[in-house]
Amino acid sequence: MPGLLRGVARTAVVAGTATAVSNRVSRRQQGRWAAQEAAPAYQQPAQEPQAYQPPPQTTPLADDMSSKIDQLKQLGELKSQGVLTDAEFEEQKRRLLA
């Protein structure tokens, strides 16, 4: 029975992580599309076309840290729900922060 719970917990962590990453990618892409659609509205016809400037990039470190924080929150929720034991929580946290 503990093996089954461990498998369910892993599946929940993986699914939660995949959902968080997917949502973040969708939000980022929607932001880029909105920026591209809004840029032509500000140009006046008398001006020469401006060279394309990509939107400012967030630092990978900040994105990575926010995803780790989200994953830690999910692990904490699983632990508080009783899906993960203290040892399993600590092991997953160690892997995430390594």
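A short reminder: the numbers here are calculations on the coordinates, not readings from a lab. The structure presented is a predicted model; accordingly, all values stated were derived computationally and were not measured. We place every Cβ from the backbone using ideal geometry, glycine too, and count neighbours over all the protein chains shown.
Other residues whose C-beta falls under 10 angstrom from the C-beta of E88 contribute a net charge of +1, scoring Lys and Arg +1 and Asp and Glu -1. Annotation: peptides 8-21, 66-79, ranked by per-residue average of other Cβ atoms within 10 Å with the highest first, follow the order 66-79, 8-21. Cross-link reach is defined here as a Cα-Cα straight distance under 18 Å, omitting same-chain residues fewer than 8 places apart; for K73 the aspartates and glutamates meeting it are D63, D64, D86, E88, E90, E91. The modelled label-to-label distance for the pair S66/N23, using points 7 Å beyond Cα in the direction of Cβ, is 1.2 nm. When Lys and Arg each count +1 and Asp and Glu each count -1, what net charge do the other residues less than 13 Å away from V14, Cβ to Cβ, add up to? Local charge sum for V14: +3.
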